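Read the structure below first, then the notes.
FYI, it's all coordinate maths here, none of it is from the lab. Keep in mind that this is a model prediction, so the values were computed, not measured. Using ideal geometry, Cβ is built from the backbone for each residue, glycine included, and neighbour counts are taken over all protein chains shown.
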Amino acid sequence: MPFSGVHVSQPQPPTQHSTEQATVHPHYYYPQQQEDEIDLRELFAALWQGKWIIIACTLVCTVLAIVYALIAKEQWSSTAKIAQPQVSDYSEYQNQVMQFQPIFDVYQDDGTVLVSNALQGLTQANSLYRLFIDEFNSSSNKKAFLETSPVFQKDKDLLDDSSNEDSVRKLYYDWYKLLSIKPEDAKQLNSTYVMTASAETSQDSFDMLKSYIQFIDEKVHRKVINNLVATISSKENELHQQSIMLTKQAQQRLIVEKERSEYALTIAQAAGVTKPLQNFGDKELFAINLGSDALKAKVEALSKVKNLSVIEPRLEQLNSKLEQIEKLKINDGIRFSAYSYLEQPEKMVFRDKPKRAVITFFGLLLGGGIGIVFVMCRFVFTRKK
């Protein structure tokens with residue numbers, strides 16, 4: 001019996017899927033391309049569309065690079081190669097030094113000679129070579145040379161404010177680096193060295209290198225001669241002091257010996273001893289055993305002594321050395337070299353900088369890179385919009 005207001009749903013049979021519906025297999029599924037992924041074909045197409053931008057950037061950067069390479073300050077270098085001096089390079093100087101060798105040697109009473117090595121350091125090839133290298137590297141020498149160099153003065157006149165000490169100091173520092181001497185092999189400090197001078201033109205660098213080498217040669221020459229003069233002068237003062245000391249000692253010995261002889265003469269005359277005594281001791285304070293006649297002659301002889309070398313034989317050797325120093329003169333006009341040339345100063349065929357071909361090539365690469373990056377960025381932003 002049906003109830004009013006109540007709807008009773010009838011059970012429905014289960015819905016059957018049509019056997020004709022197609023079954024979707026996994027290998028027929030293709031994932032859709034994400035929106036933020038870039039197709040290479042689109043990218044190359046965008047680059048092709050922006051080719052004129054890339055070409056324009058490349059041309060602009062290349063032209064700017066060429067202009068810079070043409071107007072940039074040029075630098076040319078001249079070089080020379082040196083090694084330790086041979087004996088023939090400083091033989092004159094060595095001969096002059098060795099003539100003073102006897103003054104430094106010690107002559108002993110038994111005839112042997114003790115050879116002094118005080119002068120050896122002045123004539124060693126290595127010492128002369130190191131002196132030249134040190135003088136070449138000296139900043140004070142470089143500054144003194146640059147102050148007389150017309151090439152440097154021309155550059156100094158171009159300073160905006162020549163009264164600015166910092167600017168002038170920086171200019172000097174930059175030029176110091178243009179005058180250099182470096183070992184060809186960093187591990188062999190006494191081997192071959194390469195001297196380099198750089199300037200705006202090949203001729204200027206060549207002239208500067210030759211002038212600076214000559215400038216340093218003169219410095220080394222003066223210093224070597226001054227060292228020799230100082231060494232000889234020091235030895236001369238030493239000999240003078242020894243001579244003064246030995247002279248005073250000889251004078252005192254002469255006075256003492258004369259007084260002893262006078263006392264002995266007085267005693268001998270009082271004792272009536274006129275002739276030498278054979279069996280009288282000779283170790284007495286007053287040698288009366290000589291007899292008054294001999295003592296009188298001795299006193300007269302001591303009174304006439306003028307050459308104190310008779311009393312102190314070493315004075316003769318000292319005086320001989322001092323006389324030799326007076327006779328030997330140091331010739332400061334001798335010529336010698338503290339190095340030996342392996343390669344004379346030469347002009348460079350190619351400049352150091354600017355490397356115009358390299359600058360132009362990098363300008364081309366930079367321009368192309370800037371153009372490509374710009375086109376790619378524009379493509380990415382346009383695609384996102």
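At q = 0.18 Å⁻¹, what log₁₀ I(q)/I(0) does a Debye calculation on the Cα points of segment 164-229 give, no solvent, two decimals?
Relative scattering, expressed as log10 I(q)/I(0), comes to -0.90.
In the neighborhood of V229, defined by Cβ-to-Cβ distances under 12 Å, what is the net charge if each Lys or Arg adds +1 and each Asp or Glu adds -1?
Around V229, the surrounding residues sum to +2.
Short version: what are the Cα gyration tensor semi-axes of segment 68-212, square root of 5 times each eigenvalue, largest first, in whole Å?
Equivalent ellipsoid of segment 68-212: 44, 17, 12 Å, largest first.
Using 26 Å as the Cα-Cα cut-off, could you pick out the over-long pairs in K235/K327; K210/K327; K304/K329; K81/K143; K73/K156?
In this structure, K210/K327; K304/K329 exceed 26 Å between Cα atoms.
Would you mind putting 76-89, 99-112, 292-305 in packing order, based on average other-beta-carbon counts within 10 Å, highest first?
Descending mean neighbour count gives 76-89, 292-305, 99-112.
For segment 85-153, take every pair of Cα atoms, bin their distances at 5 Å starting from 0, and report each bin as a whole percent.
Taking all Cα pairs of segment 85-153, the binned fractions are 3, 13, 15, 14, 12, 12, 11, 7, 4, 3, 2, 1, 1, 0 percent.
Which residue, S233, F152, T201, has the largest displacement toward the positive end of the dipole of segment 138-254 when charges sit on each Cβ (Lys, Arg +1; Asp, Glu -1)?
S233
With charges set only on the Cβ (+1 for Lys and Arg, -1 for Asp and Glu), what does the dipole of segment 211-344 come to about its Cα centre, in debye to the nearest 20?
My answer is approximately 140 debye.
Please compute the contact order of segment 208-301 in relative form: average sequence separation of alpha-carbon pairs under 8 Å and at least six residues apart, divided by the residue count, as a percent.
Across segment 208-301, relative contact order equals 23 percent.
From largest to smallest, what semi-axes in whole angstrom does segment 46-108 give when each is the square root of 5 times an eigenvalue of its alpha carbon gyration tensor?
74, 12, 9
On average over all directions, what projected area in square nanometres does segment 208-336 have, based on the convex hull of its Cα atoms?
Projected area, direction-averaged: 10.9 nm².
Quote the charge dipole size of segment 118-272 about the Cα centre in Debye, to the nearest 20; the model charges only the Cβ of Lys and Arg (+1) and of Asp and Glu (-1).
Rounded to the nearest 20 debye, it is 740 debye.
Taking a quarter of the surface of the convex hull around the Cα atoms of segment 292-370, what do you get in nm²?
Answer in nm², one decimal: 14.0.
May I ask for the net charge around Y176, where only other residues with Cβ less than 12 Å from the Cβ of Y176 are counted and Lys, Arg are +1 while Asp, Glu are -1?
Net local charge, Y176 excluded: +4.
How long, wide and thick is segment 119-161, going by the Cα atoms along their three principal axes, in whole angstroms, largest first?
Largest first, segment 119-161 extends 52, 15, 12 Å along its Cα principal axes.
So what is the orientation-averaged projected area of segment 187-266, using the convex hull of its C-alpha atoms, in nm²?
Averaging across all directions leaves 9.8 nm² for the Cα convex hull.
Mind listing the long-range amide H neighbours of L342? Cut-off is under 5 Å, sequence gap 5 or more, other chains count too, H placed in the peptide plane at 1.01 Å from N.
Counting only residues 5 or more places away or on other chains, the set is K81, I82, A83.
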